[in-house]
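Structure, as structure tokens:
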């Protein structure tokens, strides 16, 4: 064990007494320092390059005297050795962050280039001191409802299938709100997409709202390409962002200090949740999460050291009201597929091989389709251009009329043409129009060839009004085989406005002696 150093007041006192001619034994008695220690420090002062007398020493700064008293490397050779060590630390200070690199490995490299250098224990001590001096901690001031920091704990919990004895290890998802320190934890089977989405849903439900940003680590479920400035997130994060009206951001690669609060929360969870559960043997994932939730509530209600306020108290009084509200429904994981629009302006989904239309202008485009068992959302350049509701009874071809060009829409309307359809449309105009349409449809045994004629007759009301069309059909009522051209000619020439012959009043027969009365015809 290394000898404990003396403070600067004692060092000055030793020098003062020695200059006054006091013996080493007497100095040791007066200061309470062992004789060996007194001798050692006096030798250092004598061996120094400074000619320190009593007057100068009394007013000399502590820093100058400390350089003499505490510096074991007073010789030029030792000074060069120390400088070489500092240069080595400057070059290797970031190497410890790499996988498999240890201080012992770096020490061996140091000795290879500096034979006769410091021993391993002194090397480690000076390295720790160097890192502490060159990497000071920064105090963050967090804003309420600004951040949620999330991470998966390095250590796992597990449950046991009591019928088979099989052990199932579980990932522990941990989140914290840095301002209040509120902690959330839940166990899931993996870090895959479905489980990560479930963790986010449960987290926002537990908190009761959303912060502006969710800060996560560079896990594969959330980040496809890590970058210090512009990380690229997975489609899952973009979907969560749109659903919850928040944003995702990631820490810098190999920079856990960016999310120091959740790193600290992991250790708190180890102590307050892992520890009490070491004797528990949950029989299912639900049972394990029930234990976690019970201990989590106790943890969030536990007062901070030196104050009566707990995490829950600070959260409810200063942060909860600033959170964004939750949407009406939780996020549902949607599959994503890049699709090409077919010439019939449809895309096909891989799960059920059904077709869904998009606006016809996107024929040939490559689009992004997001779908689950309830909906289909189709995007082009991050803009939703089509939305379909799915069901178990949907047809194989799902069409929305707004997606169709005008001439295709007319063809679609023709698919619904029947005898009843045209009779109903004609009846809305009037009884004579219905009678004329009925005669057209029954010219032959098969009415289908006359659907276009009936449709053209009914559409004449758009040009000439219903009243004129009904009058024209009334004039053509006695025609057994009416045609579209007949009705159109009546309207074009204005005959529909002329009175009919049978509409005129009958003139009385003049009296005549040769005309017999009705009594003669009984």
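What follows draws every value from the coordinates through simple rules; no lab data is involved. The structure displayed is predicted, hence computed values, not measured ones. Here Cβ is always computed from backbone atoms with ideal geometry, including for glycine, and neighbour counts include all displayed protein chains.
Residue separation of residue 30 and residue 227 scaled by 0.36 nm, minus their Cα-Cα distance, works out to 64.6 nm of gained length.
The simple Förster model, with R0 at 60 Å and r as the Cβ-Cβ distance, assigns residue 94 and residue 39 a FRET efficiency of 0.90. Label separation (residue 120 vs residue 242): 5.7 nm, computed from points 7 Å beyond Cα along the C-beta direction. Highest average first, the peptides 88-99, 461-472 ordered by how many other beta carbon atoms sit within 10 Å of their residues are 461-472, 88-99.
Here the convex hull built on the C-alpha positions of segment 216-302 has a volume of 143 cubic angstrom per residue.
Relative protection proxy for 216-228, 16-28, 165-177, from highest mean packing down: 165-177, 216-228, 16-28 (other beta-carbon atoms within 10 angstrom). Considering only the Cα atoms of segment 416-503, their convex hull presents on average a projected area of 5.4 nm². Taking each residue as 0.36 nm, the span from residue 130 to residue 391 lengthens on full extension beyond its C-alpha to C-alpha distance by 87.4 nm. Between residue 254 and residue 189, the modelled label-to-label distance comes to 3.5 nm, taking each label 7 Å out from Cα in the direction of the beta carbon.
Please work out the FRET efficiency for the pair residue 492 and residue 368, using the Cβ-Cβ distance as r and a Förster radius of 41 Å; give the result to the nearest 0.05. Using R0 = 41 Å, I get an efficiency of 0.15. The convex hull defined by the C-alpha atoms of segment 147-322 has an orientation-averaged projected area of 10.7 nm². Please report, to two decimal places, log10 I(q)/I(0) for segment 301-434 at q = 0.09, 0.13, 0.14 Å⁻¹ as given by the Debye formula with identical point scatterers on the Cα atoms and no solvent. Normalising to I(0) and taking log10 leaves -0.52, -0.74, -0.79. If R0 is 56 Å, what FRET efficiency do you get for residue 332 and residue 22 from their C-beta distance, rounded to 0.05? The value I calculate is 0.05.
Put simply, when 148-156, 379-387, 480-488 are sorted by average Cβ atoms within 10 angstrom per residue, most first, you get 148-156, 480-488, 379-387.
The length gained by stretching the chain between residue 161 and residue 427 to full extension, at 0.36 nm per residue less their Cα-Cα distance, is 88.6 nm.
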